[in-house]
Amino acid sequence: MKSLAPVPLAVTLVAMLAWTSPAHATTVLLLGADSAESIDDVQAKVNGTGKFTSVSTFDTHRGTPSLAALQAVDAVLVWSNFNLSNANAFGNVLADYVDGGGGVVVASFANTFDGGNTQVGGRFAADDYRAIDPGAQLFGDGPFQIDPVLPGHPLLTNVASFDGGGSSGRADGTLDSNATLVARWNSPGLEPLLAFRNDIPVVGLNMFPPSSDRSSTLWSTATDGDILMANALLHAAGANAVPEPGSIALVLTGIAAAGAALRRRRSA
């Protein structure tokens, strides 16, 4: 019987990796307690990265989204400049969303103690769903830039630079004990800038999302704040996830089998 031509090992491995990491069309929802113009600016920046099939918005200053609305997307980005409509109800629905597998990115100033209701409350706060714990609001002491801690991490893919502008809006919070720090600010306090939870799909992005297209003091659009937001959303949605141990084991098994087959062919 005529033997089949051997399949190159590299082709086999590429096919296996593609099978264990299927393509995913990612949809996201931007939850901002902010002006319509600022929400539109963040939407334009995230959508402009080309990494999402849908980028929708909801004004959390005017209302609280339903769990069904959140479950219609893969991940959400949360920030606040104004008071939340209902900080506790919002925190409860975010926690329910995470419990069901939804991804959450928390940005400034939804992560600050400011004496108002900009901080996410409810179960999200009480049951510790955060990657960066809240702190006081810092604003107007910049400009400060990104200081990578894990420069090869997927959350920093294509992030060549980031400048927070003269405002460099952030919280002086600390890294949660269940989180991994990916980048910090190069400010005197070295506040966490980017971190992810090790146990739930939550990312802390300690920056104010509207850009210098809204105000010259905000993060510079000459740098990669848009990519930071997109990467955070992708990570929370699972699209940047490291392969599961079972998938890695499957690939390693395939490598061993392919190597053994190649040795048998050579010795025949």
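The values are calculated or read from the model by the stated rules, or taken from the named source; none is laboratory data. Here the structure is a predicted model, which means the values were calculated and not measured. When we count neighbours, we look across all protein chains shown, and the Cβ atoms used for this are built from the backbone with ideal geometry, even at glycine.
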Exercise for review: Name every residue in the range 133-154 that is in a strand (DSSP E or B) and closer than 26 Å to Ser80 by Cβ, in order of residue number.
Suggested key: Gly135, Ala136, Gln137, Leu138, Gln145, Ile146, Asp147
Check your understanding: Can you name the number of the only condition in (1) buried (at least 17 other Cβ atoms within 10 Å of the Cβ); (2) closer than 29 Å to Asn86 by Cβ; (3) acidic (Asp, Glu) that Asp163 fails?
Key -> (2)
Point to revise | Residue in the range 109-125 that is assigned by TED's automatic domain parsing to the domain that holds Leu218, assigned to a loop (DSSP other than H, G, I, E, B), out of contact with any His (no Cβ under 9 Å at 6 or more places or on another chain) and acidic (Asp, Glu) present | key: yes
Point to revise | Failed item, numbered, when Gln137 is tested on (1) without any contact (Cβ under 8 Å) to a residue 60 or more places away in the chain; (2) farther than 20 Å from Thr174 by Cα; (3) of a type in the set (S, T, N, Q); (4) surrounded by fewer than 23 Cβ atoms within 10 Å (Cβ to Cβ) | key: (2)
Practice item. Output yes when any residue across the range 89-100 is of a type in the set (Ser, Thr, Tyr) and part of a helix (DSSP H, G or I), and no when none is. Key: yes
Review point. Taking into account only those residues within the range 46-91 that are small (Gly, Ala, Ser) and touching a strand residue (DSSP E or B) at 6+ places or on another chain (Cβ under 6 Å), which is farthest from Ile132 (Cα to Cα)?
Key: Ser54
Exercise for review: Test Arg123 against the stated conditions and say whether it is touching a helix residue (DSSP H, G or I) at 6+ places or on another chain (Cβ under 7 Å), surrounded by fewer than 22 Cβ atoms within 10 Å (Cβ to Cβ), of a type in the set (Lys, Arg) and modelled with pLDDT of 95 or more.
Suggested key: yes
Check your understanding: Of these, Ala87, Ala183, Ala110, which one is buried (at least 23 other Cβ atoms within 10 Å of the Cβ), in contact with a Pro (Cβ under 7 Å, 6 or more places away or on another chain) and under 23 Å from Val42 (Cβ atoms)?
Key -> Ala183
Review point. Can you tell me how many residues in the range 45-70 are out of contact with any Leu (no Cβ under 9 Å at 6 or more places or on another chain) and touching a residue at least 12 places away in the same chain (Cβ under 8 Å)?
Key: 8
Study note, to complete from the structure: Picking from Leu181, Leu190, Leu233, Leu194, the residue that is aliphatic (A, V, I, L, M), at pLDDT 95 or above, assigned to a loop (DSSP other than H, G, I, E, B) and touching a strand residue (DSSP E or B) at 6+ places or on another chain (Cβ under 6 Å) would be Leu190
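Tell me which residues, restricted to the range 175-196, are free of Cβ contacts under 8 Å to residues at least 12 places away in the same chain and over 19 Å from Phe208 (Cβ atoms).
Ser177 - this is the single residue of the range 175-196 that is free of Cβ contacts under 8 Å to residues at least 12 places away in the same chain and over 19 Å from Phe208 (Cβ atoms).
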